[in-house]
Structures are given as C-alpha cells and as structure tokens.
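> Dumping the structure here so I can ask a few things about it.
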C-alpha cells in the first residue's frame, strides 16, 4: 500500500494511519489540518493470554520530524470487531469479540506543511516498519478531508 487510500473511511475526530501486516511500507498522505493522528506501532489481538505474551516482547520507536515520540501501551482491551467478508486478517466475517493489544502513537494536530513520521515496532519475530510522508493541509472545513494522496514508494 502506498498511501493512495489514506482518506478512505476516516472519522471526523481523528486521522488514522494504517500499520502493516509485517515488513516495511512507505506511504505519502495528505491530512486535513486540525486533526489529531493515531497509528499502530505494533499490535495484535486474540485471547488475553496471547496478548500478555505479545506485550512481554513488544517494543517500538516513533520519530516525527526527527524527534522521538513515546508510544502508548495498551496491554489488552476487549474490543468488538466488525469484519467484512474476505477480511485478510482472520478470514472470518461478521461481529466478534477479542482482546486487542499493542503499542500506539497518538499525535496532536500537526502544523500545515510537510512532515515525516517513522514507525518501527517488534514483538517476537513479528516486526513492522512504516515511513509516512505527511502533508498537512490547512482547511477551513476539517470535516471534509481531501481524498487526494500522493503515489509512489518512499
């Protein structure tokens, strides 16, 4: 994924950046001004025992514009998933409850302009790396995000 779908299904109160299913991804996204940003560093779900084991080894590093940002720890929260048919994570569809866990980063709204966000996470032999080229666009109407996103690998 290169970032062309960054604006898809975004809620009005926060801008979510996608993680990876493992490995590296480079993405370029246009983000409306005034929105806080949230992204997974490394995360998983399953039963409480799975999350406990996953979190014992969970480590992450986040760098925004050259400055370190400490990720937040979510050791295990009950979540309800509404999975679409053919979802690539579990293959299940429908609604089900699981325990979600991981490290996440939450950023306040960024100043208009260009920003670089680098995320690295690891637990056991699972690792994720994402590098985002973010362009924050000043907007008089932050409820109408731009669907435009730059294409291409970083």
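Laboratory data are not the source of any read-out in this text; all were calculated from the coordinates shown. Because the structure is a prediction, the values reported are computed rather than measured. Neighbour counts run over all protein chains shown; Cβ positions are idealised from the backbone, glycine included.
> Which order results if 15, 104 are arranged by neighbouring Cβ count within 10 Å, fewest first?
Values: 15 25, 104 19.
Ascending number of Cβ neighbours within 10 Å: 104, 15.
> Count the DSSP beta bridges whose two residues both fall in the chain, then state the antiparallel fraction as a percent rounded to the nearest 5. Can you show the working numbers first?
Numbers: 39 of 51 bridges.
The antiparallel fraction comes to roughly 75 percent.
> To continue, here is another question. Report the full-extension gain for the segment residue 126 to residue 4: residue separation times 0.36 nm, less the Cα-Cα distance, to one decimal in nm. Walk me through the intermediate numbers first.
On the way: separation 122, 0.36 × 122 = 43.92 nm, distance 2.53 nm.
Computed gain between residue 126 and residue 4 is 41.4 nm.
> How much length would be gained if the chain were fully extended between residue 139 and residue 24, taking 0.36 nm per residue of separation minus their Cα-Cα distance, in nm to one decimal? List each step's numbers first, then the result.
Details: separation 115, 0.36 × 115 = 41.40 nm, distance 3.08 nm.
Value of the extension gain: 38.3 nm.
> Return the single residue from 40, 109, 85 with maximal mean-square fluctuation; model: Gaussian network over the chain, springs between Cα atoms under 10 Å.
Largest GNM mean-square fluctuation: 85.
> Another question, if that's okay. How far apart, in nm, are two points set 7 Å out from the Cα along the Cα-to-Cβ line at residue 118 and at residue 16?
Computed distance between label sites residue 118 and residue 16 equals 2.7 nm.
> Using a simple spin-label model with points 7 Å from Cα along the Cα→Cβ vector, what separation in nm is obtained for residue 57 and residue 80?
In this crude label model, residue 57 to residue 80 measures out at 3.3 nm.
> If you find the alpha carbon centre of the range 3-29 and of the range 56-99, how far apart are they in angstrom?
13 Å
> Sort 44, 127 by Cβ crowding within 10 Å, fewest neighbours at the top. Let's see the in-between values first.
Values: 44 20, 127 16.
Ordered by Cβ neighbours within 10 Å, fewest first: 127, 44.
> Could you compute Rg(Cα) / (2.2 N^0.38 Å) for the range 15-136, with N its residue count?
Working: Rg = 15.0 Å, N = 122, 2.2 N^0.38 = 13.7 Å.
So the Cα radius of gyration is 1.10 times the expected 2.2 N^0.38 Å.
> Using the beta-carbon distance between residue 111 and residue 73 and R0 = 25 Å, what value does 1/(1 + (r/R0)^6) give for FRET efficiency, to the nearest 0.05? Don't jump to the answer; show the numbers that get you there.
Values: r = 27 Å, r/R0 = 1.09.
Efficiency computed from Cβ-Cβ geometry: 0.35.
> For each of 80, 90, count neighbouring Cβ atoms within 10 Å of the residue's Cβ, then give the residues from fewest to most. Kindly include the intermediate steps, with their values, before the conclusion.
Numbers: 80 9, 90 12.
Least crowded to most crowded, the residues run 80, 90.
> Give the relative contact order (percent, whole number) for the range 32-121; include only Cα pairs under 8 Å separated by 6+ residues.
On the way: 185 pairs, mean separation 40.1, N = 90.
Relative contact order here is 45 percent.
> Taking R0 as 22 Å, what FRET efficiency do you get between residue 49 and residue 93 from their Cβ-Cβ distance, rounded to the nearest 0.05?
E(calc), rounded to 0.05, equals 0.30.
> Tell me the relative contact order for the chain as a rounded percent, counting alpha carbon contacts under 8 Å between residues six or more apart. If you can, show how the numbers build up before the last one.
Numbers: 392 pairs, mean separation 57.0, N = 154.
For the chain, the relative contact order is 37 percent.
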